[in-house]
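Here's the structure we're looking at; comments come further down.
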Amino acid sequence: MSKEQPKNPLHGITLEQIVTSLFEHYGWDELGRRINIKCFKSNPSVKSSLNFLRKTPWARQKVEDLFLVTKHTAVKTSEKEPSTYTGFKKWKG
């Protein structure tokens with residue numbers, strides 16, 4: 001019953017994978033600076049962030065947008081410097 005979404009770059013990627021990848025790439029401090037939301041600044045964890053983001057569409061959109069920009073930048077970097085690029089640890093796309 002799943003609908004194919006060929007134009008959706010986030011298709012098949014869970015919110016937990018997105019948050020975990022961003023945390024591993026930036027850390028909580030930098031995430032809190034890039035996206036000014038309390039779940040990244042005050043006692044942050046993946047679980048508390050997921051609870052907040054699932055209830056707050058505007059914040060989820062900001063997180064998804066940062067993930068896409070970061071992923072796009074990482075891909076461009078890997079094309080230029082393959083020997084130094086390590087990628088997202090959890091990214092399987």
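Residue pairs whose Cβ atoms lie under 9 Å apart, separated by 6 or more positions or on different chains, with the first residue in region 62-85 and closer than 14 Å to Arg34 by Cβ and the second of a type in the set (Ser, Thr, Tyr) and at pLDDT 60 or above, are Val63/Ser49; Leu66/Tyr26; Phe67/Ser21; Thr70/Ser21; Thr70/Tyr26.
Are there any helices (runs of 4 or more DSSP H) wholly within region 5-59 with 3 or more residues that are touching a Cys at 6+ places or on another chain (Cβ under 8 Å), and if so which?
Details: elements: 15-34, 38-41, 46-55.
Because the criterion is at least 3 residues that are touching a Cys at 6+ places or on another chain (Cβ under 8 Å), the helices (runs of 4 or more DSSP H) in region 5-59 that meet it are 46-55.
The set of residues from region 25-71 being closer than 18 Å to Leu10 by Cα and of a type in the set (Asp, Glu) comprises Glu64, Asp65.
The values are calculated or read from the model by the stated rules, or taken from the named source; none is laboratory data. Bear in mind the structure is a predicted one, so any value in this text is a computation, not a measurement. Virtual Cβ from ideal backbone geometry, glycine too; neighbours counted across all protein chains shown.
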